[in-house]
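Student: I'd like to ask you about the structure that follows.
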Amino acid sequence: MLDLTKIQTQYRETLRLEAISGTVYTPNFVPGGSLMDSITSFTPVQQQPVISQPTNPGSGQPIQSPPSEPDAPPATYIPAVEQWRSTVTTAILNYGGPASDTDRFLRIMHCESRGQPNATNASSGAAGLMQHMPQYWDQRAISAGYAGSSPYDPTANINVSAWLIYQASGGGWQHWVCQ
């Protein structure tokens, strides 16, 4: 079992050391999700262009809508994270959150995966852009309207994360050590 207090303490210490040394810590990710090949929903998807198209309202998946303009200038992240900005904003809005949360979401994504959809944490097995734990993914994906989707599918991972933050019972930002 993971000790959340210990993990948060280690994370804060890493941030402190980064600030002092000016060296950025890169998590130990296994490219391509190779640790999880035996779990069907954890098979990495082939990266394809994301095209926002409305879905059937009765299907349980949110209808994609264009993001609204934020009031404050957005923070800028590395290109691998920035490429997901519009998808993140759309997901946040679709699950009832404010567009102003986009930068917070991207900050967590930057910390968790550096914007790499196939990132896998070697020690915990957490997968995808927002590093979902394998034991929780399937149920969360079903609840968010993405049944059968892989956590390596960037659109599914972002939308399941938005559902977890804004609609899940006991949801919120506390699911991520990175803040």
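Student: Restricting to the stretch 125-134, give me the number of residues that are assigned to a loop (DSSP other than H, G, I, E, B) and crowded, with 22+ Cβ neighbours inside 10 Å. Please lay out each step first, then the result.
Tutor: Here is the first cut: in the stretch 125-134, the residues assigned to a loop (DSSP other than H, G, I, E, B) are 125-126, 128-131, 133.
Going one step further and asking which of them are crowded, with 22+ Cβ neighbours inside 10 Å, we end up with 126, 128-131.
The qualifying residues number 5.
Student: With the checklist (1) modelled with pLDDT under 95; (2) in contact with a Phe, Trp or Tyr (Cβ under 9 Å, 6 or more places away or on another chain); (3) on the phi < 0 side of the Ramachandran plot in hand, flag the one item T76 doesn't pass.
Tutor: (2)
Student: Ok, one more. Anything in the stretch 166-179 that is under 20 Å from N121 (Cβ atoms) and touching a Phe, Trp or Tyr at 6+ places or on another chain (Cβ under 8 Å)? List them, or say none.
Tutor: Passing the criteria: V177, C178, Q179.
Student: To continue, here is another question. Among the numbered conditions (1) assigned to a helix (DSSP H, G or I); (2) crowded, with 24+ Cβ neighbours inside 10 Å, tell me where S150 comes up short.
Tutor: Against the list (1) assigned to a helix (DSSP H, G or I); (2) crowded, with 24+ Cβ neighbours inside 10 Å, S150 comes up short only on (1).
Student: While we're here: Just checking, which of W173, W137 is surrounded by fewer than 23 Cβ atoms within 10 Å (Cβ to Cβ), of a type outside the set (A, V, I, L, M) and closer than 21 Å to A119 by Cβ?
Tutor: On the way: W137 fails: surrounded by fewer than 23 Cβ atoms within 10 Å (Cβ to Cβ).
That would be W173, the only listed residue that is surrounded by fewer than 23 Cβ atoms within 10 Å (Cβ to Cβ), of a type outside the set (A, V, I, L, M) and closer than 21 Å to A119 by Cβ.
Student: Restricting attention to the stretch 92-124, which residues are crowded, with 22+ Cβ neighbours inside 10 Å, part of a helix (DSSP H, G or I) and not hydrophobic (A, V, I, L, M, F, W, C)?
Tutor: Scanning the stretch 92-124 gives T102, E112, S113.
Student: Quick test of your reading of the structure: G171 fulfils all but one of (1) under 15 Å from F105 (Cα atoms); (2) free of Cβ contacts under 8 Å to residues at least 60 places away in the same chain; (3) part of a helix (DSSP H, G or I); (4) of a type in the set (G, A, S). Name the failing condition by number.
Tutor: The number of the failed condition is (3).
The values are calculated or read from the model by the stated rules, or taken from the named source; none is laboratory data. Computed from a prediction, not measured in an experiment: that's the story for all the values here. Don't worry about glycine lacking a Cβ; one is built from the backbone with ideal geometry, like all the others, and counts go over all protein chains shown.
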